[in-house]
Amino acid sequence: MTRIVSADQPDWRPRIATLVLLAIAASTIAIGSFRAREDGSGTSDFDDFWRTASRDYLLKRTMTDEWGVHNYLPFFAILMGPFGLLPLRVAAAAFGIISCVAAAATFLIIDVGLLRHGGSPARPVRWVPAALAAAYAIDCIVLGQVALLTLLLIVAAWYLFEQQRSFACGMTLALAASIKLLPMVLGIYFLLRREGRVLAGLLCGLALFNGALPAIAFGPSRAWELHRAFWQRSAVGESLLALALNDSDKMSYANQSLPIVTRRLTMRTHTGLRDPQGMPKYVNLVDLSRKPMRIGPFALAPVQWIVLSVAAVLSVAVLLATLTGRRPTIERMRCEFAAFLLLSMVLSPVLWTFYFLLAYPALALSADAVFAPSRGRGPAAIADRVLLALWAIAVPLLAIREARAIGLHLLLTILLLFAMLRLSRDRATASRHQPPQRAKAGSAPA
């Protein structure tokens, strides 16, 4: 039965929904602040960030991994500097508020600025993708992580690109990559699309955030040493192939990165889980040898060959899908950009639970296609609906640690990547002879 609301009777549902969202945000921020401990005994990542800022950067003008901050560029300590001036709990609450604002801004940019969804907030095309990403966003805020800020900068960069502010797009993308290196993969997309002004902005931003500012903050020689240490620690010591074979502190079931999941499934690897008797749990389907296999001039362990093959196949698929579109519409380019973002997740050596909120732009594009009035009922439409349903099922399965240990959410990310590639092809087929359409500066986005 349809409920009719008269013109004189206010509709309280949006207000109630707003109050519920504010209550969730407030409680999430409070939990995140409570979990932070100055001695590092808490379960928050933000206390590591705070100690690095307050005890390394502000007191000693350096950055070490003593406080648990490993895979971050020296710019990260500068970014966290202002929070190091505050008491830990106050700083954690302030960062939680910033993360909530970043989440709201990301939703508005995608939902209103890009996809231009109007009408009631209750429309499924608006709340379904947000609901699918909400659990990962909450995890990010509770841990005090930076993924929401990174996602906002990535989405803002694309919005600036559509507004024909290409140089600003590159600068914004450089800021995101300086906080977390993962968005650098998106620079490859603009390289393939020959967007020179974006690349110029990206290079200028990287020079500013990772050259000039660290040199001023730490001194030129110390900044160079910190960047070299980062390269040895992250790019070499924790690369895809290194993590696939070497033991590390990244072996936990919560890490669903490609090398770690592949290793768990193909080798007898401790997942961090134990059975009721206290014995380690394993999820491997086979137990491959560590002995290197030589193929041509290269000798790698079987698990490393598997990781390398999967990464190569996915990368080639995304690259070929991009290169075949010579005159892409902006709708196709959105799908390609989202596919590159998903690829950056798959290629990341570390993929903790909160990283999966980076799939939100792709989920929004998928929902936009599924709930389109003109959407048909063919195999592709059914596959898209099934995929969104699987993402919905995967949210409560986060509580089952074994589901994360076998890489369920990584698999769904790979499936979503292929869905983006197919959707980008469909967008090209629907508008094959139309030239790229980007909004003029100051106008509404396409």
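Rule-based calculations on the coordinates, nothing more; no lab input. Quick caveat, the model's predicted, so the values are computed rather than measured. Don't worry about glycine lacking a Cβ; one is built from the backbone with ideal geometry, like all the others, and counts go over all protein chains shown.
Can you tell me the length gained on complete extension of the stretch residue 70 to residue 390, counting 0.36 nm per residue apart and subtracting the Cα distance?
Working it through step by step, the gained length comes to 111.9 nm.
Run the count for the chain, please: Lys pairs, Cα-Cα under 25 angstrom, 8 or more apart or on different chains.
So the count works out to 5.
What is the percent of Cα-Cα separations in the chain that go past 40 Å?
20 percent
How big is the equivalent ellipsoid of region 240-433 along its three axes, where each semi-axis is √(5λ) from the Cα gyration tensor, reported in whole Å from largest to smallest?
Taking √(5λ) for each eigenvalue gives 34, 21, 12 Å, largest first.
I'd like the distance between the alpha-carbon centres of region 42-76 and region 129-155, rounded to an integer number of Å.
If you average the Cα positions of each part, the centres end up 21 Å apart.
Amide H of residue 293 versus every other amide H placed in the peptide plane: which residues, excluding those fewer than 5 positions away on the same chain, fall under 5 Å?
Here 300, 301 satisfy the definition.
Of 164, 199, 127, which is farthest on the positive side of the dipole of region 109-227, counting Cα position, with +1 on Lys and Arg Cβ, -1 on Asp and Glu Cβ, and the Cα centre as origin?
Of the options given, the answer is 164.
Would you mind checking which residues have amide H under 5 Å from residue 284's amide H? H placed 1.01 Å from N; only 5 or more apart, or other chain.
269
Multiply the residue separation of residue 225 and residue 90 by 0.36 nm, subtract the distance between their alpha-carbon atoms, and state the gained length in nm to one decimal.
Gain in length upon complete extension: 45.4 nm.
If the label point is 7 Å along Cα→Cβ of residue 402, which residues in region 278-317 have backbone nitrogen under 19 Å from it?
Under 19 Å, as judged by backbone N against the label point of residue 402, lie 278-287 of region 278-317.
With unit charges on the beta carbons (Lys and Arg positive, Asp and Glu negative) and the dipole taken about the Cα centre of the chain, which residue among 79, 354, 306 sits farthest to the positive side?
306
Relative to the compact-globule scaling 2.2 N^0.38 Å, provide the ratio for the alpha-carbon radius of gyration of region 144-215.
My calculation over the Cα atoms of region 144-215 gives 1.02.
Placing +1 at every Lys and Arg Cβ and -1 at every Asp and Glu Cβ, with all other atoms neutral, what dipole size does the chain have around its Cα centre, in debye to the nearest 20?
Its charge dipole is roughly 1080 debye.
With each pseudo-label sitting 7 Å past Cα toward Cβ, what's the residue 285-residue 309 distance in nm, one decimal?
About 1.2 nm, to one decimal.
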